[in-house]
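In what follows, a structure is listed as structure tokens, so that the remarks can point back to it.
The values are calculated or read from the model by the stated rules, or taken from the named source; none is laboratory data. All values derive from a computational prediction rather than experimental measurement. Cβ placement follows ideal geometry from the backbone for every residue including glycine, while neighbour counts extend to all protein chains displayed. Ligands, DNA and RNA are excluded from the accessible area calculation, which covers all protein heavy atoms including side chains. Shrake-Rupley method; radii C 1.70, N 1.55, O 1.52, S 1.80 Å.
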Amino acid sequence: METGYFHSLFLKKDGTVWATGYNNHGQLGDGTLVDKLTPFQIPGLSGITAIAAGQNHSLFLKNDSTVWSCGWNISGQLGDGTTTQRTSPVQVSGLTGIVAIATGFNHSMFLKKDSTVWMCGNNANGELGIGSSTNKTTPVKIPSLAGIAIIAGGGSHSCFVKANGNTYICGWGSSGQLGNGSTSSKSTPTLISGLTNVIGISGGYEHTLYLKNDGTAWASGYNLEGQLGDGTTINWLNPVQITTLSNVKKVEAGGYHSMFLKNDSTVWTCGNNNYGVLGDGTTANKNTPAKLAGLCMFTGIEENSLNTNITLFPNPSNGVLNMELSSTIGKATIIVTDLLGKQVYTDTLNEGMSSHNLNLEHLNNGVYFLTISIGNKMMTKKVIVQK
């Protein structure tokens, strides 16, 4: 799953992409400017292995290592050599051998298999890392970077982690989001000194989160909403450790809030809580990460530790869901939970069965998680109810 400013993208295991939400610039890729209230399959896209969503544009990485894009293009973020918005996906010019994609608000990032990084789009704050502030409508190589393993975009800044765990950042630095001890913007990637062994990174609008290989989480930048999670509302120009967290395996920065997934599959959140985005049942900001109650065994991705594959159809479902397994398993428990971890349906799969029907007609439209478990092994799939 990927979220833009007001649109959402979903990548299925069959390589298709589904989208919903705001479509004023064609970011949903269906050839129209019509908003969508429920997910639909983007026509013409297949073999997709990764997706990324910017403010009002979308990127799609195919299994042939080419990249396709649609949506707003005022700064050249679609990489097709123009500034014309596209309502259907077009191929990003001149790119091959791409293994990862990422977006900022209005810029796009591409990691090649040779560990070089290529960029296009808005560059007003140096976020393209090429030593200037000139926008680029086709991807250009960042000349000073090599050996990159991870890329991530912030609002108007860009993050790069080398295979050796060193981190470099460029772009807008107004609140310390570059983590280099200053509030100056940088048009070339700058090493964050003293921060080593980084294995994960995520950029918010004006803050950055870092994950180290020892399971500790660190943060820098804008903190007036508590999004850095250090118990203060002080902006930090250098990365500070979030000391109340340990055993973290993923970090995710929103615009002004932060999320952390721990090894025990619990989710912790902090920062701005307008509209209840922290999921704690309130709208009060939090300056230290709080555990989401009832959200258990959540990974944020589909998981399978059972020796079988599952097919759910139709999905989206109108309430009746068919389940087929590629092989039989022992007696298993079936649990369906909503996004807050509340159980909304339970059932049993008897030993020797390879198919089963579930009646979910009592559920409201939305996204749910279906888990089949035997002992400590489980399989989790997303289910969409759309009546």
Please give the net charge around GLY153, taking every other residue with its beta carbon less than 14 angstrom from that of GLY153, where Lys and Arg add +1 and Asp and Glu add -1.
-> -4
Compute the accessible area per residue over the chain, keeping the other protein chains in place, probe 1.4 Å, unit Å².
-> 41 Å²
Which aspartates and glutamates does LYS331 reach when only Cα atoms under 14 Å apart count, and residues fewer than 8 places away in its own chain are ignored?
-> ASP347, GLU351
Distance check, please: which entries in LYS12/LYS162; LYS162/LYS291; LYS262/LYS286 exceed 21 angstrom between their Cα atoms?
-> LYS12/LYS162; LYS162/LYS291
Packing-wise, with mean Cβ within 10 Å as the measure, how do 328-338, 346-356, 97-107 rank, highest first?
-> 97-107, 328-338, 346-356
Cβ-Cβ cut-off under 15 Å around ASN274, Lys and Arg +1, Asp and Glu -1: the net charge is -1
Accessible surface of region 54-112, 1.4 Å probe, proportion on carbon and sulfur as whole % | 47 percent
How far is the Cα center of region 134-157 from the Cα center of region 250-280, in Å?
-> 26 Å
Net charge near THR20, counting Lys/Arg +1 and Asp/Glu -1 over other residues with Cβ under 11 Å of its Cβ?
-> -1
